[in-house]
1. Condition check: of a type in the set (D, E, K, R) and crowded, with 21+ Cβ neighbours inside 10 Å. Does GLU439 satisfy that?
2. Assess whether ALA247 counts as being in contact (Cβ under 8 Å) with a residue 60 or more places away in the chain, small (Gly, Ala, Ser) and in contact with a helix residue (DSSP H, G or I) (Cβ under 7 Å, 6 or more places away or on another chain).
3. Kindly provide the set of residues from the range 81-135 that are surrounded by 18 or more Cβ atoms within 10 Å (Cβ to Cβ), more than 14 Å from ILE49 (Cβ to Cβ) and hydroxyl-bearing (Ser, Thr, Tyr), ordered by number.
4. Considering only residues that are closer than 25 Å to MET133 by Cβ, small (Gly, Ala, Ser) and either in a loop (DSSP other than H, G, I, E, B) or without any contact (Cβ under 8 Å) to a residue 40 or more places away in the chain (or both), which ones fall in the range 378-409?
5. Every residue in the range 405-436 that is over 22 Å from GLN374 (Cβ atoms) and either surrounded by fewer than 18 Cβ atoms within 10 Å (Cβ to Cβ) or not aliphatic (A, V, I, L, M) (or both), please.
6. Could you please find all residues in the range 62-79 being surrounded by fewer than 20 Cβ atoms within 10 Å (Cβ to Cβ) and either within 24 Å of the chain's Cα centre (by Cα) or not assigned by TED's automatic domain parsing to the domain that holds ARG129 (or both)?
Amino acid sequence: MTAAASMLMKTIVRIALMLTLWAGVMMCAIAPQSAHAQNTVPSLSVTGIRFGAHEDKTRLVIDLNAPAQYRAFTLQGPDRLVIDLPHFGWSVGAITRPTSAHVTDIRQGPTQPGISRIVIDMNQTVAIRGTMMLPRSGQSGDRLVIDYSPAAKGAAGQNQIFGTLQINDAIAGNNDLQTPVQTVSASAAQTVHAITPTHKPSAPHNQNNAPLPKGERPLIVLDAGHGGNDPGALGPNGLKEKNITLAMARDLKKALEDTGRYRVLMTRDKDVYLRLGQRVQIARHHNADLFISLHADSLDRKHVSGASIYTLSEKASDSESARLAERENQSDLIAGLDLSVEDEEVASILVNLAMRDTMNQSKFFANTIVDVMQNHSLSLLDNPHRYAGFAVLKAPDVPSVLIEAGFMSNNQEANKLNTPAHRARIAAAIVRGIDAYFEQVRRNGGN
């Protein structure tokens with residue numbers, strides 16, 4: 001071996017020894033951190049699991065110590081409901097397992113680094129109907145709510161992932177969890193009924209808009225705006241918005257009932273004052289499928305005319321919508337009531353969740369009404385579907401719209417609103433819009 005070759009060999013050996021020593025030092029430094037990471041107490045904790053029986057679904061409520069991103073989906077063969085969360089601690093006692101929930105077993109544990117999973121074994125195929133993460137309010141902590149119901153294989157809600165938790169499914173994880181959870185069988189009468197449902201509108205299984213048996217008819221709640229000591233906007237010759245809205249509601253109620261396809265409930269059928277929160281609660285208490293609040297607008301610009309349809313948003317679509325919502329929301333203050341301290345649970349849900357599912361249904365219904373009104377040659381404002389924070393639209397579980405049928409500040413339009421013929425045209429358009437809405441719900445598989 002030449003001197004050059006010998007020197008090269010020594011250099012290679014020296015480098016190899018240095019790399020070996022460096023690797024050993026790094027392993028010593030990393031090992032304690034890895035061990036510490038595995039022993040770290042998770043920041044998220046699951047503190048309870050409850051099932052609630054509803055007429056058309058089962059509600060699963062997972063109590064948490066903090067809000068968290070999640071992922072929920074169903075699997076078949078065997079049938080399971082799966083919930084993924086950031087790595088969590090488990091401090092859940094025995095879980096009441098009502099027969100109506102279709103639950104046979106519950107398991108939980110880590111499925112891959114940083115992710116834990118809850119697997120709920122079912123005795124039949126189910127589909128998820130809606131999910132939401134509710135923030136803590138009052139005595140209730142943060143909780144994940146999942147609505148599900150029995151479904152035929154391939155039905156809507158299956159093979160669909162709910163939630164925003166990002167997981168790399170390419171990483172091999174522990175999908176066959178072996179940590180069982182203690183459950184206790186219970187009759188349906190012992191189940192927990194959770195508040196604030198995400199509403200799934202019932203769809204009339206109907207062809208050619210034929211009359212339906214009473215039990216299959218969706219419930220429409222009509223809310224005549226203002227009333228009693230709150231006259232609303234004032235028109236010519238002493239005309240009051242409260243009387244116009246009551247007349248519209250009565251006409252619309254008759255038009256809907258005459259179809260034989262709907263049940264109708266009015267929040268008020270005479271000249272009485274109702275708090276805004278009461279109007280919302282009437283719709284929720286009766287499990288309404290739609291809530292329609294009827295109003296007539298007013299502006300300083302007397303020439304403005306045309307109808308508009310509002311859905312809920314904390315951010316108004318324009319300054320006029322913001323002004324209108326602020327004025328309508330003052331209705332309770334007229335009677336000496338402050339809505340801001342009423343129904344904190346509803347307000348909390350609204351601000352934190354924006355009631356995504358219900359609001360999407362409301363927007364679809366509003367757009368349908370706009371299309372039908374245009375086809376009926378009814379006068380509409382520019383951009384007639386608008387958004388604002390109307391208190392009366394804040395039911396978290398009932399699709400809701402507020403219809404401004406015209407302007408009391410426009411003498412000609414106010415006088416038209418006071419005629420049965422014009423109100424009949426408005427009612428006919430709304431009925432057609434409701435028909436179109438529920439037909440689409442039926443096509444989407446809503447039951």
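1. no
2. So ALA247 passes the test.
3. Of everything in the range 81-135, those that are surrounded by 18 or more Cβ atoms within 10 Å (Cβ to Cβ), more than 14 Å from ILE49 (Cβ to Cβ) and hydroxyl-bearing (Ser, Thr, Tyr) turn out to be THR111, THR125, THR131.
4. Scanning the range 378-409 gives GLY389, ALA395.
5. SER409, ASN411, ASN415, ASN418, PRO420
6. Listed by number, the residues that qualify are ASP63, ASN65, ALA66, PRO67, ALA68, GLN69, ARG71, PHE73, LEU75.
The values are calculated or read from the model by the stated rules, or taken from the named source; none is laboratory data. As the structure is a computational prediction, the values presented were derived from the model and not from experiment. When we count neighbours, we look across all protein chains shown, and the Cβ atoms used for this are built from the backbone with ideal geometry, even at glycine.
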